[in-house]
1. Take the alpha carbon atoms of segment 279-338, find their radius of gyration, then divide it by 2.2 N^0.38 Å using N residues; give the quotient.
2. Tell me the per residue accessible area of segment 331-371 using a 1.4 Å probe; a whole number in Å² is fine.
3. Starting from the Kirkwood radius over alpha-carbon pairs of segment 181-270, derive D by Stokes-Einstein at 20 °C in a medium of 1.002 mPa s and give it in µm² s⁻¹.
4. Using all C-alpha to C-alpha distances in segment 239-382, build P(r) with 5 Å bins and read off the rounded percent in each one.
5. What's the carbon and sulfur percent of segment 265-382's accessible surface, probe 1.4 angstrom, rounded to a whole number?
6. What value does segment 321-360 have for Rg/Rh, both radii from Cα atoms and Rh as Kirkwood defines it?
7. Skip the ligands, DNA and RNA, and give the accessible area per residue of segment 167-284 with a 1.4 Å probe, whole Å².
8. Arranged from highest to lowest average of other beta-carbon atoms within 10 Å per residue, in what order do the peptides 258-264, 358-364 appear?
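The values are calculated or read from the model by the stated rules, or taken from the named source; none is laboratory data. These numbers were taken from a predicted model, which means no experiment stands behind them. Quick reminder, even Gly has a Cβ in these numbers, built from the backbone with ideal geometry, and neighbours come from all protein chains shown. The accessibility values were calculated without ligands, DNA or RNA, using every heavy atom of the protein model including side chains. Shrake-Rupley method; radii C 1.70, N 1.55, O 1.52, S 1.80 Å.
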Amino acid sequence: MKPKSIILLILLVLVTPILIFALVKGKPVPEQRDDVAAPVPLVDVVTVSTEPRAASVIAQGTVQPSKKIDVISRVSGQIIDVSDHFDAGGFFSAGDMMIQIEKSDYELALLRAQSRLSEAQRAVAQERGQALQAQREWRDLGNDDANALALRKPQLEAAEAALRAAQGEVEQAELDLERTTIIVPFNAVIAEKKVAVGQFISASQPVAHIYSTESVEVRVPLTDRQVRLVNLPMIGDRGAAIEVEVRGVFGGVEHSWTGQIRRIEASINVASQTVFAVVEVEDPYSVADEGQTPLPVGLFVETHIEGAVIDDAVLLPREALKPGNVIYVIRDGKLEFVEAQLLQSNSDGALVIAQLNEGEQVVTAQMPYAVPGMDIAAREGL
């Protein structure tokens with residue numbers, strides 16, 4: 001190694017520690033500062049108002065007829081006439097003629113039955129006369145021990161039985177003749193007609209499917225929580241009715257009708273664990289006379305049931321109810337978690353029962369990292 005390189009190496013060894021010491025010594029020292037408290041979160045809140053509140057229950061269902069039957073012909077024959085309203089959608093009042101079956105055969109049957117009745121009446125009168133004559137003859141002979149046959153009692157009884165049978169035949173013939181006119185048993189509308197003029201029909205043949213226009217029903221499922229909110233009649237009880245508002249959209253416009261809960265079905269749905277309340281709307285079609293929209297069968301509707309007044313319930317915005325039915329409350333500047341029992345939740349808010357006091361502030365903001373006891377403050381102006 002050259003002498004010049006040796007000298008440079010020695011200088012490098014001597015200078016390096018000095019440079020390192022100078023760099024360490026000259027490093028700036030951080031300024032000592034006091035601990036600074038974390039900022040208190042400002043959150044949106046709502047003020048609690050405790051007052052008695054009436055719960056309302058909303059449930060959906062489909063309008064169904066309260067009564068629907070197949071109209072059956074009781075006699076056979078050819079249809080010779082039908083009502084002008086005998087078509088799907090035709091309205092009838094109770095007792096209106098729907099179909100007329102040819103009467104000729106039944107009028108003849110009635111004449112024959114009346115003839116047999118007259119003959120039976122003559123036979124009874126004759127037997128009674130003969131029985132009286134036989135009784136007098138035996139009495140004149142001074143013999144009181146005559147048997148029933150000699151007094152013609154069996155013959156009289158047979159004649160009287162034949163008379164009763166003849167009377168029954170006349171009544172049956174009259175019924176058959178009357179049944180050639182098929183009438184509507186209650187105020188109804190035809191859902192489906194099944195026969196036409198000129199057609200021969202048999203006894204027990206359906207001629208039309210009809211349903212009542214006197215009232216319609218809506219079966220609405222209610223959960224156990226909803227049942228608690230409404231003063232429903234007991235299962236099987238047909239006592240005082242509960243008024244219900246029925247809402248539905250027909251023709252692109254929302255309409256409302258007034259109904260009543262008159263009964264609760266006797267069984268609980270196994271799959272959903274709900275009980276069905278039956279809402280009845282009377283005269284659903286007669287309101288058309290007053291310019292209102294009828295309530296048609298098959299329409300999907302929403303029922304609004306006025307519930308009981310609950311003294312200790314609180315109505316809050318739905319965002320105030322956190323997952324797990326927990327409410328965040330600000331008390332003395334600290335965040336507290338309060339468990340709540342949800343009674344109902346709808347567009348008006350969440351109705352709950354919870355340990356809340358009048359005027360307390362409930363947090364409505366989303367707080368994914370909320371911890372009980374943390375400092376918190378309501379946003380100014382709220």
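1. Numbers: Rg = 21.9 Å, N = 60, 2.2 N^0.38 = 10.4 Å.
Expressed relative to 2.2 N^0.38 Å, the Cα Rg reads 2.10.
2. Details: 2310 Å² over 41 residues.
Heavy-atom accessible area per residue stands at 56 Å².
3. Values: Rh = 17.2 Å.
The Stokes-Einstein estimate is 124 µm²/s.
4. 2, 8, 13, 13, 13, 11, 10, 10, 8, 7, 4, 2, 0, 0
5. Working: 3110 of 6450 Å².
Here it works out to 48 percent.
6. Values: Rg = 10.7 Å, Rh = 10.9 Å.
A ratio of 0.98.
7. Working: 6210 Å² over 118 residues.
Accessible area per residue: 53 Å².
8. Numbers: 258-264: 19.4, 358-364: 17.4.
In descending order of packing, they fall as 258-264, 358-364.
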